[in-house]
Structures are given as structure tokens and as C-alpha cells.
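The structure under discussion appears below in the form of C-alpha cells.
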Amino acid sequence: MAQRRIEERSAGAVLFYNDNGVRKYLLLRHRKGHWDLPKGNIEPGERPRETALRELIEETGIRNFKVYDGYEEVIEYYYKRRGGRLVHKTVVFYLVEALSSDVKISSEHVDYRWVDFDDAMKLATFKNTRNLISKAEEYLGTMPGNEHG
Ligand code: ATP
């Protein structure tokens with residue numbers, strides 16, 4: 001009998017920081033090599049927004065932030081687990097402004113960078129990550145520092 005595909009649900013954050021009027025996004029380098037956003041699996045009983053903020057704190061150490069509630073974007077992708085089972089993954093992202101840029105990564109990641117939009121488009125490994133950051137840029141507008149206005 002064919003095995004049923006596994007469904008995974010995660011939540012994460014497009015995290016940015018206003019670096020003297022230049023908006024910078026946080027990318028984390030995963031142990032497996034890809035550059036990604038902070039995210040993690042939704043635990044039973046948890047709302048996606050709670051997961052996103054919990055994972056944000058766990059994976060970046062940032063506790064001082066502001067959530068933009070008008071932004072909520074979902075991506076989905078497939079990957080194969082070791083052993084070959086196919087996973088269908090859905091990840092909901094929230095837009096969060098870090099009020100400090102002091103990052104402490106967890107053991108899941110090996111590096112991090114705050115990058116402007118153009119560099120984020122070069123560094124982010126997956127197209128859906130780049131789309132999420134593009135949508136954040138549209139949402140926030142093109143004026144640097146606009147989010148503080
Ligand atoms: P988490 O607990 O943060 O949800 P994880 O490490 O268990 O993360 P993923 O980051 O989803 O799981 O990685 C699982 C596989 O999916 C990896 O092989 C990775 O290359 C791939 N992957 C990760 N992010 C994306 C993405 N945005 N689009 C497509 N494939 C991705």
C-alpha cells in the first residue's frame with residue numbers, strides 16, 4: 001500500500017531592522033547549507049503567530065520587536081525525508097521589525113547576516129523566500145525608515 005504523504009506545518013518571520021534608514025533583512029544559514037528565514041514546526045495547541053514569535057526568539061535571541069499584523073503570507077513546498085518519504089510543508093510567515101540587531105543564533109544555524117533587499121535577493125537560497133521578502137518590501141513601502149513614520 002502506498003504510504004500517505006506527510007504534512008508538516010511551520011511558521012516563521014520575515015525579520016527586518018532599520019539600520020540608519022536602510023532596511024535590512026535577517027537571513028540565517030541552516031546547518032544543511034541553505035540561507036533561510038527563522039521558522040519552525042507548529043506545536044500542538046499553538047497558533048501559527050505564537051510559533052513564529054517563539055521560533056524567532058529561539059533562533060535569533062531577539063526579544064524586542066514589533067509585529068506588522070497586515071502581513072501574513074503562506075508558502076508551500078515538498079521535500080524528501082531521509083528514507084525517501086515525501087513531505088508536503090506549509091509555512092505561514094509574519095512580518096516583524098527587530099528593535100535591536102543583536103543576534104544570537106541557535107545550534108540549528110551556523111551563520112547569520114543582516115542584508116539589504118538587493119543582497120537578500122542574492123543570498124536567499126529559495127525563490128519562495130525571495131518572494132516573501134519582496135512582498136514585505138512592497139508592504140512596507142519604498143521609503144527607507146517609513147515604518148517609523
Ligand atoms: P524547521 O523546523 O525550521 O521547519 P527543518 O530543518 O526541519 O526546519 P526545512 O527547513 O523545511 O526543515 O528543510 C527541509 C528540506 O526542505 C531541506 O532539504 C531544505 O533544503 C528544503 N527547504 C527548506 N526551505 C525551503 C523552501 N523555502 N523552499 C523549498 N525547499 C526548502
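Readers should treat all values here as calculations from the given coordinates under stated rules, not as data from a laboratory. No experiment lies behind these values; they were computed from the predicted model shown. Here the Cβ positions follow ideal geometry from the backbone for every residue, glycine too, while neighbour counts run over all protein chains shown.
Points to keep in mind about this one:
- 25 Å Cα cut-off, lysine pairs counted over the chain (separation 8 or more, or different chains): 29
- Environment charge of L86, counting only residues whose C-beta is closer than 9 Å and scoring Lys/Arg +1, Asp/Glu -1: +4
- For the stretch 21-90, the Cβ-based charge dipole about the Cα centre amounts to some 460 debye (Lys, Arg positive; Asp, Glu negative; other atoms uncharged).
- Only the Cβ atoms of Lys and Arg (+1) and of Asp and Glu (-1) were treated as charged; on that basis the dipole of the chain about its Cα centre amounts to roughly 860 debye.
- Summed residue charge, Cβ within 11 Å of R9's Cβ, Lys/Arg positive, Asp/Glu negative: -3
- Taking amide H atoms as placed 1.01 Å from N in the peptide plane, the amide H of Y112 lies under 5 Å from those of R29, each 5 or more residues away in sequence or on another chain.
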